[in-house]
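The structure under discussion appears below in the form of structure tokens.
The values are calculated or read from the model by the stated rules, or taken from the named source; none is laboratory data. No experiment lies behind these values; they were computed from the predicted model shown. Because the Cβ atoms are built from the backbone with ideal geometry, glycine has one as well, and the counts that use them run over all protein chains shown. For accessibility, only protein heavy atoms count, side chains too; no ligands or nucleic acids. Shrake-Rupley method; radii C 1.70, N 1.55, O 1.52, S 1.80 Å.
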Amino acid sequence: MLPALIAALALAGTHAEGCRAETRAAPAARARAAGYRPRAREVAFLDTLERRTFGYFWELSDAKSGLTPDRWPTRSFVSVGAVGFALTAYPIGAERRYVTRAQARERVFNTLRFFWTARQDTAARGCTGYRGFFYHFLDPASGTRFENVELSTMDSALLLAGALFCQSYFDRPDKDEAEIRALADSLYRRADWTWTQVRPPSIVLGWHPETGFLPYDWRGYNETMLVHLLALGSPTHPASPTAWGAYTSGYRWVSFHGQQYVGFAPLFGYHYTHVWVDFLGIRDSSMRARGIDYFENSRRATLAQQAYAVANPSGFAGYGERLWGLTACDGPLHKTLVIDGRPRQFHTYWARGATDKDVRDDGTVAPAAAGGSIVFAPEIVLPTLMSMRERYGADAFGQYGFVDALNPTLKRDPGVSQGRVVPGVGWFDTDYLGIDQGPILAMAENFRSGLVWRTMRRNPYIVRGLRAAGFTGGWLDSARTAP
């Protein structure tokens, strides 16, 4: 019997009761929060966007192990973070009836079983992880460490968040769904967050079996709110309660294009944790002091990025109200070119972004930057995404939804490293990336039905982590924690 099976079974009744109490067809609270209701044409677009993006995870992940490629169609290693987004995608597919609940349940079970039984050891080869954490990238054939990559606290958190979502979603009191809850519980409880506090109370980025811990800790606003909440919520190996204060002590409030918010250049930092955690109406001490919540903070960051594109200080082609969005993504090449008499430094994969003192922009726009913000500012995101599809057609929107990136400034091919240039139009990536497809799908569903958020509001470990970080208010005040 799995270590946490009895506890998981005991929670089944509570989960099922909570699920029945939810109304799946209710209007999305986040649409109301932004004062925006999608029109019929926009709903049809979202139907297509979600269905195609779901296909990335369902069709490309290995059905027996659940291993998800980092990118496609370029052959690549497995991304542990993408597996976390895949686990989040499967219940969405079941709710949208792209697959049956039984099919989604089988895929989730296979994925969780693989990661629970995969070898955890200090050996440099032949292992998937250590101390309950996982290597950033895995070999697609064996599911073990890819080359010399690090054991990643952030990518492990993405996987664990997906597992906990499945734990709360598969809430029926039958054997198959009880096994999913037990596996998710066991995976989460195994992670030794105390081990990651090498320089207490901060949490380290990662670890190598050859050289030990990386010399960096997570601090300041970024995607690792999720790391800290999971670390604080652990019932077995929790991080020190002071970890949250150490993390938020690095916040930098910025004023950028008419918005004031906690600054972080790439937009993915305002998406990742928000995929699973509903921050609307709940606040920690940092947000209480400013009179906003993290939902509003992400909305402001989104509006600032659009305003930056409208201002277009560097004069990139195409930028404006309906073409904007900087985040970590692919790019055409790493080279300086002279375009229209002006030198332009282009990059391949790069953490693009913009704040008051940190602008990383080469004219490359990522659809995931806007797509992941749909819950925060649908009134500007939906027209932007639809315009990208209408303007660029199949070059930007294909088999699995949006390609990872595009750059209208590069209209002639100087020998790009990846993707292709459509003469006179611009550069288009030909790859899709799992860690960018995931937020597009999950946030579109949160916008439409609130599925991931309302499911995770029932997860006792998320509730425990939020309360340990000092969050109060809203839905959290009446939520249940684990026994």
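Laid out as a table, the results:
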read-out: Count - residues of the range 225-242 that are of a type in the set (V, I, T) and either modelled with pLDDT under 95 or surrounded by 17 or more Cβ atoms within 10 Å (Cβ to Cβ) (or both); value: 1
read-out: Meets criteria (surrounded by fewer than 17 Cβ atoms within 10 Å (Cβ to Cβ) and either aliphatic (A, V, I, L, M) or in a strand (DSSP E or B) (or both)) for A157; value: no
read-out: One residue from I440, I435 being under 14 Å from V275 (Cα atoms) and open to solvent by 10 Å² or more (accessible area, probe 1.4 Å); value: I435
read-out: The range 243-257: number of residues that are closer than 28 Å to R464 by Cβ and either of a type in the set (V, I, T) or assigned to a loop (DSSP other than H, G, I, E, B) (or both); value: 4
read-out: Selection within the range 231-258 - of a type outside the set (K, R) and closer than 21 Å to A328 by Cβ; value: Y247, G250, Y251, V254, F256, H257
read-out: Failed criterion for T348 (all others in (1) under 20 Å from P332 (Cα atoms); (2) among the polar types (S, T, N, Q); (3) buried (at least 19 other Cβ atoms within 10 Å of the Cβ) hold); value: (3)
read-out: Top-ranked residue of the range 422-438 - restricted to ones that are in a helix (DSSP H, G or I) and in contact with a Phe, Trp or Tyr (Cβ under 7 Å, 6 or more places away or on another chain), ranked as farthest from D404 (Cα to Cα); value: G438
read-out: Pick from the range 46-75, criterion farther than 14 Å from Q437 by Cα and small (G, A, S), ranking: surrounded by the most Cβ atoms within 10 Å (Cβ to Cβ); value: G66
read-out: Any hit, the range 297-306, residues being free of Cβ contacts under 8 Å to residues at least 60 places away in the same chain, more than 30 Å from P460 (Cα to Cα) and either assigned to a helix (DSSP H, G or I) or in contact with a Cys (Cβ under 8 Å, 6 or more places away or on another chain) (or both); value: yes
read-out: Exclusive hit being part of a loop (DSSP other than H, G, I, E, B) and over 20 Å from W453 (Cα atoms), set S286, S240; value: S240
read-out: Positions within the range 281-315 being touching an Asp or Glu at 6+ places or on another chain (Cβ under 7 Å) and open to solvent by 50 Å² or more (accessible area, probe 1.4 Å), in sequence order; value: R283, V310
read-out: Number of positions in the range 89-129 that are out of contact with any Leu (no Cβ under 8 Å at 6 or more places or on another chain) and either assigned to a helix (DSSP H, G or I) or β-branched (V, I, T) (or both); value: 15
read-out: Qualifying residue in the range 139-149 (condition: outside any loop (DSSP other than H, G, I, E, B) and open to solvent by less than 10 Å² (accessible area, probe 1.4 Å)); value: no
read-out: Any hit, the range 409-421, residues being without any contact (Cβ under 8 Å) to a residue 40 or more places away in the chain, crowded, with 24+ Cβ neighbours inside 10 Å and part of a loop (DSSP other than H, G, I, E, B); value: no
read-out: Odd one out for S168, checked against (1) at positive phi; (2) open to solvent by less than 20 Å² (accessible area, probe 1.4 Å); value: (1)
read-out: Top-ranked residue of the range 171-224 - restricted to ones that are open to solvent by 40 Å² or more (accessible area, probe 1.4 Å), part of a helix (DSSP H, G or I) and not aromatic (F, W, Y), ranked as farthest from R125 (Cα to Cα); value: K175
read-out: Flag if A369 is open to solvent by 10 Å² or more (accessible area, probe 1.4 Å), within 19 Å of V262 (Cα to Cα), in contact (Cβ under 8 Å) with a residue 40 or more places away in the chain and not aromatic (F, W, Y); value: no
read-out: Selection status of R32, at pLDDT 50 or above and of a type outside the set (A, V, I, L, M); value: no
read-out: Condition check for F85: open to solvent by less than 10 Å² (accessible area, probe 1.4 Å) and touching a residue at least 24 places away in the same chain (Cβ under 8 Å); value: yes
read-out: Exclusive hit being farther than 25 Å from E445 by Cα and touching a helix residue (DSSP H, G or I) at 6+ places or on another chain (Cβ under 7 Å), set G263, G245, G258, G250; value: G258
read-out: Top-ranked residue of the range 313-358 - restricted to ones that are assigned to a loop (DSSP other than H, G, I, E, B) and hydrophobic (A, V, I, L, M, F, W, C), ranked as nearest to the chain's Cα centre (by Cα); value: L326
read-out: Odd one out for K357, checked against (1) exposed (fewer than 15 other Cβ atoms within 10 Å of the Cβ); (2) over 22 Å from G269 (Cβ atoms); value: (2)
read-out: Selected residue (criterion: nearest to the chain's Cα centre (by Cα)) from residues of the range 255-268 that are touching a residue at least 60 places away in the same chain (Cβ under 8 Å) and open to solvent by less than 10 Å² (accessible area, probe 1.4 Å); value: L267
